[in-house]
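Step one of this worksheet: look at the structure below.
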Amino acid sequence: MMAEPADKRRSPKPARRTITTVRSGQLPRWVREEVQRSTPKLRREPALTHLAKGVQEFADERYKSALPELRKAKELSPRAPTIREVLGLSAYRDGRWEEGLRELRTFRRITGDLTHTPIEMDCLRALGRPEDVAKTWAMIQESEVASGVQHEARVVYASHLLDLGRTRDAWAVVKPGRLVSSPAPGELRRWFVAARVALAAGDKETARRLVTALERHDLDFEGLDELRAFMG
């Protein structure tokens with residue numbers, strides 16, 4: 001997976017609708033139409049039934065329970081991108097890195113959508129494939145992606161560099177700009193990883209400034225207690 005030359009960057013695409021925000025098993029019309037377009041007639045309704053059940057489990061954060069339903073939906077409708085997307089995300093959140101990577105790469109190939117490339121990187125990181133992590137990072141940098149995707153990519157790649165003991169490189173990747181008053185969730189995660197990197201580099205003052213900024217927005221942010229303990 002090679003990065004494209006800078007003069008051949010992908011053009012920005014309209015934001016794709018996503019089913020991952022659905023909070024019930026009732027599938028939106030556009031999902032039903034997507035499955036119907038890409039599935040033989042006799043398989044459509046069974047595929048939609050399994051997908052609806054899997055989406056409900058996913059919405060309730062029961063990822064292990066979602067997987068069997070989504071795998072059945074995939075068998076019936078392997079070309080439906082939404083099925084591959086939710087299956088990949090469920091596998092990732094259940095710690096099934098190979099399956100998560102495979103399904104999210106397939107989703108990207110079908111749609112051209114780079115939204116989940118940071119998760120692809122995190123799967124590669126968990127699988128101990130540093131060269132592929134670096135290749136995916138390079139691909140993202142040579143592509144037009146939304147700011148939220150860029151934040152998440154920086155979080156994952158900086159964490160990867162920190163794992164390797166490359167604190168200076170990690171800081172160059174994740175260092176935040178102005179600590180805005182209304183940060184997006186991806187920015188909060190970026191501040192958290194930047195605080196970890198600063199602490200690893202022995203810069204407690206910067207780490208404390210970032211932790212204080214995080215506390216203004218989310219006192220219960222996962223991992224903050226551990227950071228506070230390290231800072232003393």
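The values are calculated or read from the model by the stated rules, or taken from the named source; none is laboratory data. Remember, predicted model here, so these are calculated numbers, not experimental data. Every residue, glycine among them, receives a Cβ derived from its backbone with ideal geometry; neighbour counts consider all protein chains shown.
Within the stretch 127-146, identify whether any single residue is modelled with pLDDT under 95, within 21 Å of PHE192 (Cα to Cα) and either in the same structural domain as GLY186 (by TED's automatic domain parsing) or of a type in the set (Val, Ile, Thr) (or both), and answer yes or no.
So far as the stretch 127-146 goes, yes, one or more of its residues are modelled with pLDDT under 95, within 21 Å of PHE192 (Cα to Cα) and either in the same structural domain as GLY186 (by TED's automatic domain parsing) or of a type in the set (Val, Ile, Thr) (or both).
Applying the selection to the stretch 66-92, what residues are acidic (Asp, Glu) and more than 14 Å from ASP113 (Cβ to Cβ)? Before the answer, list the steps.
Step one: of the stretch 66-92, the residues acidic (Asp, Glu) are 69, 75, 85.
GLU69, GLU75, listed by residue number.
Determine, yes or no, whether LEU179 is aliphatic (A, V, I, L, M), free of Cβ contacts under 8 Å to residues at least 40 places away in the same chain, surrounded by fewer than 22 Cβ atoms within 10 Å (Cβ to Cβ) and assigned to a helix (DSSP H, G or I). Lay out the reasoning, then the answer.
Working: aliphatic (A, V, I, L, M): yes; free of Cβ contacts under 8 Å to residues at least 40 places away in the same chain: yes; surrounded by fewer than 22 Cβ atoms within 10 Å (Cβ to Cβ): yes; assigned to a helix (DSSP H, G or I): no.
No: the conditions fail for LEU179.
Does PRO46 fit the bill of being over 25 Å from the mean Cα position of the chain (by Cα) and at pLDDT 95 or above?
For PRO46, the condition - over 25 Å from the mean Cα position of the chain (by Cα) and at pLDDT 95 or above - is met.
Does VAL173 count as in a loop (DSSP other than H, G, I, E, B), outside the structural domain of ARG105 (by TED's automatic domain parsing) and either within 16 Å of the chain's Cα centre (by Cα) or surrounded by 20 or more Cβ atoms within 10 Å (Cβ to Cβ) (or both)?
Judged against the criteria, VAL173 is not a match.
Condition first: more than 21 Å from the chain's Cα centre (by Cα), buried (at least 17 other Cβ atoms within 10 Å of the Cβ) and touching a residue at least 24 places away in the same chain (Cβ under 8 Å). Now tell me which residues in the stretch 182-232 satisfy that.
Result: ALA198, LEU199, ALA207, LEU210, ALA213, LEU227.
For ALA170, indicate whether it is farther than 28 Å from PHE58 by Cα and without any contact (Cβ under 8 Å) to a residue 60 or more places away in the chain.
Taking the combined requirement at face value, the residue satisfies it.
Among helices (runs of 4 or more DSSP H) lying entirely in the stretch 104-168, which contain 3 or more residues that are polar (S, T, N, Q) and buried (at least 20 other Cβ atoms within 10 Å of the Cβ)?
Qualifying helices (runs of 4 or more DSSP H): none found.
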